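The values are calculated or read from the model by the stated rules, or taken from the named source; none is laboratory data. Because the structure is a prediction, the values reported are computed rather than measured. As a convention, Cβ positions derive from the backbone with ideal geometry for all residues, glycine included, and neighbour counts pool all protein chains shown. These area figures cover heavy atoms from the full protein model, side chains too; ligands, DNA and RNA do not enter into them. Shrake-Rupley method; radii C 1.70, N 1.55, O 1.52, S 1.80 Å.
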Amino acid sequence: MSDATEREAPEVDADAWAKACAEDLAAEKARRREQYGQPPGSAAEELRKLVDAVSEKLSGLQAPLLGAVAQGAVEQTLKQVVREAKAVVEPVIERNPDVFDHLAAAGSELLAAYRSAAGGQEGRWTRGGARGTTGDPAPGGDRGNEGPPAGEHIDLD
């Protein structure tokens, strides 16, 4: 190759693919934010928002049945409780923000396990009962997907 050919070759940007991907990702995030709103934050941020919302609601709470003097005392007590709750929650959130994410994930896993167990039990109930420990059908029999018979006798004695 000659020197002229090397000088005419355009310079290749080694990070062009990474830049294009980053631009596409930023555009997709902006589109989703516009369509769905701001995504939820971490569990710690959501807890902080919850505490703020509850404290705001409690501070605006009115007790119409109480007199003016009692109303003032109730408002002061509520404000004090809110301040104390925030004083307790804020340091915990600041020191351990990841703990709340782990607790939220654990809660989701427990809910999935419960749904699985409850779904299995519900399926056995709707099929007419589960088999007993001896292997014999439960009273009423195991009829699969047929359901209970139309006029089954129930002995109440």
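Multiply the residue gap between residue 154 and residue 105 by 0.36 nm, knock off their C-alpha separation, and tell me the result in nm, one decimal place. Intermediate values should be presented prior to the final figure.
Numbers: separation 49, 0.36 × 49 = 17.64 nm, distance 4.63 nm.
Extra length available between residue 154 and residue 105 comes to 13.0 nm.
Going by accessible area, probe 1.4 Å, with all protein chains left in place, what is the ranking of 45, 28, 34, 109, largest first?
Per-residue accessible area, sorted high to low, gives 34, 109, 45, 28.
Each residue of segment 113-121 in turn: what ³J(HN,Hα) in whole Hz from Karplus with 6.51, -1.76, 1.60 and θ = phi - 60°, glycine and Pro shown as x?
After applying 6.51 cos²θ - 1.76 cosθ + 1.60, I find 5, 4, 4, 5, 5, 5, x, x, 5 Hz.
Any lysines with Cα under 25 Å of the residue 19 Cα? List them, leaving off those in the same chain fewer than 8 positions away.
Within the straight-line limit of under 25 Å, residue 19 reaches these lysines: 29.
Separation between the residue 14 and residue 73 pseudo-spin-labels, each 7 Å from Cα along Cα→Cβ, expressed in nm?
7.6 nm
Give me the extension gain from residue 35 to residue 23: residue separation times 0.36 nm, minus the current Cα-Cα distance, reported in nm with one decimal.
Using 0.36 nm per residue and subtracting the Cα-Cα distance, I get 2.5 nm.
Can you tell me which lysines have their Cα less than 23 Å from the Cα of residue 79? Leave out same-chain residues fewer than eight positions away.
49, 57
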